[in-house]
Amino acid sequence: MKYFLSKNFEKSFKKMPRKIKDNTINKLEIFINDPMDESLNNHSLSGKFSKYRSINISGDIRAIYKTNEDDMAIFIDTGSHSKLYS
């Protein structure tokens, strides 16, 4: 699957520690090959994020994305559960 990183995602990514950045890159590589890989815990969201999905990066870190009509994943943000959903 193809993906695009929004400016907001890139901004959040730049603030992350090196270890989390490495985990994020690793998870995105897995996502490209199999978006539903079990290690990603890919799941749909609810409430104000009902049109989005989330994958686990590590521990409390998530990446939120949506798909467009071209079946491309657009990652809109990444960060801790509390940062993203509060």
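Values quoted throughout were computed directly from the atomic coordinates according to the rules given, and no laboratory measurement underlies them. Keep in mind it's a predicted model, so treat the numbers as computed, not measured. Here the Cβ positions follow ideal geometry from the backbone for every residue, glycine too, while neighbour counts run over all protein chains shown.
Scanning region 61-86 for residues that are among the polar types (S, T, N, Q) and farther than 12 Å from Leu5 by Cβ yields Thr67, Asn68, Ser80, Ser82, Ser86. Screening Thr24 against (1) assigned to a helix (DSSP H, G or I); (2) over 14 Å from Asp77 (Cα atoms); (3) within 12 Å of the chain's Cα centre (by Cα) leaves a single unmet condition, (2). Each residue in region 10-38 was checked for being free of Cβ contacts under 8 Å to residues at least 12 places away in the same chain and over 19 Å from Lys83 (Cα atoms), and 10 of them qualify.
Residue-level analysis places Thr78 outside the set of residues that are surrounded by 13 or more Cβ atoms within 10 Å (Cβ to Cβ), out of contact with any Lys or Arg (no Cβ under 9 Å at 6 or more places or on another chain) and of a type in the set (Val, Ile, Thr). Condition (residue is surrounded by fewer than 17 Cβ atoms within 10 Å (Cβ to Cβ) and among the basic types (Lys, Arg)) applied to region 36-53: is it met by at least one residue? There is at least one residue in region 36-53 that is surrounded by fewer than 17 Cβ atoms within 10 Å (Cβ to Cβ) and among the basic types (Lys, Arg). The set of residues in region 44-82 being in contact (Cβ under 8 Å) with a residue 24 or more places away in the chain, in a loop (DSSP other than H, G, I, E, B) and among the hydroxyl-bearing types (Ser, Thr, Tyr) consists of Tyr52 alone.
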